[in-house]
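The values are calculated or read from the model by the stated rules, or taken from the named source; none is laboratory data. All values reported here derive from a predicted model rather than from experimental measurement. Note that we place each Cβ from the backbone using ideal geometry, even for glycine, and neighbour counts take in every protein chain shown. Keep in mind that these areas ignore ligands, DNA and RNA; they rest on the heavy atoms of the full protein, side chains included. Shrake-Rupley method; radii C 1.70, N 1.55, O 1.52, S 1.80 Å.
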Amino acid sequence: MFDINFYMKARDIQKKINSGEKFSKDNLFAKFEEFRSKVPVVYNIETTNACNMKCEMCPRTTMMTRPVKTLKKETFERIIDQLRPFSAQEWNKWEYFCKSEYGISSKDMSENHFFLNIIPKVIQLHGYGDPLLDQNMAEYVRLLHEKDFFSYFSCNPANINIDVTREMFENNLDYIKYSLESVSDTTHKKIRGNESNFSDSYKKILELLAIKKEFGYKTTIIITMLDLNRPDQMEDFRKLKSAFAGKDVYIYLKSEDQQWYRKDYHGTASVHWSEICKHPWMSMTIKSNGEAAMCMEDFNNEIILGDVSKESLFDIWNGEKYQQFRWDHFNLNSNIKCKGQCDMHLIGEYCKNQV
């Protein structure tokens, strides 16, 4: 989830930024504080950072040095007990906003529809790990459903356990995403590592689709391929779409999230990655050790803003560390990795120089 109310209020500022307008830093900071909800909204809960893949595009493979941890169940429960789902009225207003501002209706199926119509309402249960390696996942799905939250996570289809996934379907999992980088096993292994493949993953997904149809489960199965700017990228995606033609899946080509560390920036079609970073004002990220980090992209937990096992979400969100972090975005402070290790634009880039 992210704070859809903040996002809507900040939209006029984003449009002025797009037109080249500069802002007074102090006035804009005050405006963002006016827009910001004092009640925190959690974007994602990384339940584990364990993973058995070696994905070429993932910093976990080459740069992540933090220990592997799995979130304690009591910590997960503590987190969701402090959150509230959006009301139907708020959600209706948001859907109208997406249609009027971005031309994206609730019936679309695309990268930007996914970000604007699915991500805002779900609690995302992944980070730099594969949730299928967390034995508590089916229970977490049940707990979220009981509290009227939507659940979602992305995972590696090679790790599918049919019985466990069926239990998650039974517990009302709302969305599950499988990333398939090629219909060729050789290419898939080159991108995702030797533990991955297409052929076995495809068979498992078809089996899950059959189970979903037979028992009337409502889980949306999402299939994505990352746009890694490969020479055969579009042809491979065409073949993937053909493999799932007529199947009950939500499928789209996804822009690569972070390209700074790959040194071959090839652009993005994503609204999210094209606009200013709003995360310090609209969402929190909880890591697998219980720390509240700057955002989901902080793969080594370098900027820690609190510990949810010891502090309330409210106190962390409204505390001095978070407020300093927000000012760092305005001041373009070089001591935050956001300045040089993220593709998103910081709000400070659009503020007038102040004496």
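Taken residue by residue, the stretch 256-268 has at least one member that is under 18 Å from the mean Cα position of the chain (by Cα) and more than 22 Å from M64 (Cβ to Cβ). When restricted to residues that are in a helix (DSSP H, G or I), of a type outside the set (A, V, I, L, M) and open to solvent by less than 60 Å² (accessible area, probe 1.4 Å), the stretch 26-58 contains 4.
Being over 23 Å from C342 (Cα atoms) and crowded, with 16+ Cβ neighbours inside 10 Å is a property that holds for M8.
Determine whether K190 is touching a Ser or Thr at 6+ places or on another chain (Cβ under 9 Å) and either of a type in the set (V, I, T) or surrounded by fewer than 21 Cβ atoms within 10 Å (Cβ to Cβ) (or both).
Details: touching a Ser or Thr at 6+ places or on another chain (Cβ under 9 Å): yes; either of a type in the set (V, I, T) or surrounded by fewer than 21 Cβ atoms within 10 Å (Cβ to Cβ) (or both): yes.
So K190 passes the test.
Any idea which residue in the stretch 257-301 is modelled with the lowest pLDDT, counting only those that are among the acidic types (D, E) and under 17 Å from C58 (Cα atoms)?
The qualifying residue modelled with the lowest pLDDT is D264.
If the condition is being part of a loop (DSSP other than H, G, I, E, B) and either among the β-branched types (V, I, T) or open to solvent by less than 20 Å² (accessible area, probe 1.4 Å) (or both), then the stretch 232-247 contributes only F244.
Looking at this structure, is T61 part of a helix (DSSP H, G or I) and either on the phi < 0 side of the Ramachandran plot or in contact with a helix residue (DSSP H, G or I) (Cβ under 9 Å, 6 or more places away or on another chain) (or both)?
yes
Listed by first and then second residue, the pairs with beta-carbon distance under 7 Å, at least 6 apart or on different chains, first residue in the stretch 103-116 and over 16 Å from S274 (Cα atoms), second among the aromatic types (F, W, Y), are M109/Y250; M109/Y252. Scan the stretch 286-330 for residues that are within 17 Å of L346 (Cβ to Cβ) and in contact (Cβ under 8 Å) with a residue 40 or more places away in the chain and the total you get is 10. Can you pull out every residue in the stretch 281-331 that is under 25 Å from S24 (Cβ atoms) and of a type in the set (D, E)? If the condition is that a residue be under 25 Å from S24 (Cβ atoms) and of a type in the set (D, E), then E320, D328 are the ones that fit. Residues that are open to solvent by 10 Å² or more (accessible area, probe 1.4 Å): list the helices (runs of 4 or more DSSP H) wholly contained in the stretch 248-355 that include at least 3 such residues. Because the criterion is at least 3 residues that are open to solvent by 10 Å² or more (accessible area, probe 1.4 Å), the helices (runs of 4 or more DSSP H) in the stretch 248-355 that meet it are 271-274, 320-331. Within the stretch 206-220, is there a residue that is open to solvent by 10 Å² or more (accessible area, probe 1.4 Å) and within 26 Å of K263 (Cβ to Cβ)? Taking every residue of the stretch 206-220 in turn, none turns out to be open to solvent by 10 Å² or more (accessible area, probe 1.4 Å) and within 26 Å of K263 (Cβ to Cβ).
For E77, the requirement of being within 21 Å of the chain's Cα centre (by Cα) and surrounded by 15 or more Cβ atoms within 10 Å (Cβ to Cβ) is not met. Across the stretch 200-209, a minimum of one residue is classified as more than 23 Å from V141 (Cβ to Cβ) and either more than 25 Å from the chain's Cα centre (by Cα) or of a type in the set (G, A, S) (or both). Considering the conditions (1) open to solvent by less than 10 Å² (accessible area, probe 1.4 Å); (2) over 19 Å from C55 (Cα atoms), S182 is excluded by exactly one of them, (2). Comparison of D174, D185 shows that the only residue that is over 22 Å from the mean Cα position of the chain (by Cα) and of a type in the set (D, E) is D185.
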